[in-house]
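Take a look at the structure set out below.
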Amino acid sequence: LQQFNNIPIIMGGDFNEVLHLQLDCSIKAKPHISGTNRAIHALISDFNLVDVWHVVNPTTRDYTFFSHRHNSYSQIDLFLISRSLLGDTFAVDIEIRTILDHAPISFTHSGILGLERSRKWHLNVSLLQLPEVQTLVKKAISDFYKCIPKGESDTGLLWDTLKVVLRGKLISYATNRKKEWLQKTIELEQEIKDKELALNFHNLQYLKYEFNKLMSQKVEFALFWVHQSYFEAGEKASKLLAYHLRKLSTSNNICLIKNESNRQMVTNRDIKLTFKQSYSKLYTSELKDIGTYLADIKLPCLNPGDRDALEAPTDTSKIKKAIEMIKSGKSPGPD
């Protein structure tokens with residue numbers, strides 16, 4: 001999910017685990033926090049997600065799954081969304097359980113804008129370790145210099161042009177390599193499925209080994225990219241800092257508020273309207289004549305002695321005494 005850190009996330013499905021042990025089960029058993037439960041909560045914390053059903057329906061208790069074995073109901077089907085999307089969420093409902101043993105969840109949202117991702121290209125540095133890529137780059141540079149017209153040329157222009165040529169070669173190679181990897185993955189998945197049906201366990205183990213090797217390469221590259229991103233960022237302000245600041249800002253969003261009628265407001269429109277009404281009432285005076293009101297207030301006044309002392313010229317001895325009372329390592333500020 002790290003690749004989606006620039007856009008809001010909507011994640012839904014059967015998590016096979018309740019989020020709240022006491023609230024999401026019909027049978028109150030001894031609470032036992034499983035590893036799956038901890039993993040879900042870690043996912044929610046890392047990506048600043050919320051269980052939208054419980055936020056929109058905080059006082060409602062409903063379930064999505066019925067276990068015939070335990071004769072109990074539970075809510076294991078969840079919608080986890082980015083906290084920034086809560087203000088545009090209108091309704092989350094658990095529908096009627098018909099054919100399956102799971103009840104569908106409907107999630108109504110006003111729409112998500114600004115999901116366009118950046119198309120900025122980044123060089124996959126790991127490709128440069130491959131011998132065929134090194135040969136490709138050397139050949140591209142050699143062919144480029146053969147095509148340069150004789151005579152004086154601008155060095156900066158030649159360098160920029162060479163970068164464009166190498167970028168095109170590397171993009172073409174990486175695209176073809178990715179297509180071959182995807183095709184091989186699909187073929188291995190189909191072969192594994194066929195061997196399982198044919199009960200050919202010897203060949204099945206070999207195919208699973210090849211498939212696992214492909215997946216391991218993908219994971220290694222993902223880890224390499226994460227490490228490279230952190231190494232390049234260092235202590236500089238970059239996308240990593242922006243990502244953490246975005247998590248901090250979205251965690252401070254107001255996703256629910258109660259109005260004067262004690263009703264819970266969830267949508268951005270209702271929350272803004274509630275704030276507007278509250279502050280309008282707060283700063284609206286019930287008095288028609290403010291002058292009469294101020295004239296009737298008995299404000300305290302200084303006696304003549306205190307007034308003369310405040311208006312007297314500043315005594316330098318008092319200033320010197322105040323400076324001497326300042327702690328070491330401190331200095332007076334503008335106040």
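The values are calculated or read from the model by the stated rules, or taken from the named source; none is laboratory data. Owing to the predicted nature of the structure, the values given are computational and were not obtained by experimental measurement. Positions of Cβ are generated from backbone atoms using ideal geometry, with glycine treated the same way; all protein chains shown enter the neighbour counts.
For region 264-335, list the helices (runs of 4 or more DSSP H) that sit wholly inside it and hold at least 1 residues that are out of contact with any Phe, Trp or Tyr (no Cβ under 7 Å at 6 or more places or on another chain), among the aromatic types (Phe, Trp, Tyr) and modelled with pLDDT under 80; which are they?
290-296
Rundown of residues vs (1) assigned to a helix (DSSP H, G or I); (2) surrounded by 13 or more Cβ atoms within 10 Å (Cβ to Cβ); (3) at pLDDT 60 or above, yes/no style:
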residue: Leu182; (1), (2), (3): yes, no, yes
residue: Glu189; (1), (2), (3): yes, no, yes
residue: Met215; (1), (2), (3): yes, no, yes
residue: Glu220; (1), (2), (3): yes, no, yes
residue: Leu223; (1), (2), (3): yes, no, yes
residue: Ser229; (1), (2), (3): yes, yes, no
residue: Glu232; (1), (2), (3): yes, no, no
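Provide a single number: the residues in region 44-60 that are surrounded by 12 or more Cβ atoms within 10 Å (Cβ to Cβ) and free of Cβ contacts under 8 Å to residues at least 40 places away in the same chain.
Of the residues in that region, 4 qualify.
Identify, please: which residue in region 82-128 is in a helix (DSSP H, G or I), of a type outside the set (Gly, Ala, Ser) and surrounded by 13 or more Cβ atoms within 10 Å (Cβ to Cβ) and is, among those, modelled with the highest pLDDT? Can you show your working first?
Of all residues in region 82-128, those in a helix (DSSP H, G or I) come to 83-88, 125-128.
Pick out the ones that are also of a type outside the set (Gly, Ala, Ser) and you get 83, 85-86, 88, 125, 127-128.
With the extra rule that they be surrounded by 13 or more Cβ atoms within 10 Å (Cβ to Cβ), the set shrinks to 83, 85-86, 88, 127.
On the way: Arg83: 76, Leu85: 75, Leu86: 72, Asp88: 69, Leu127: 81.
Going through the qualifying residues, I end up with Leu127.
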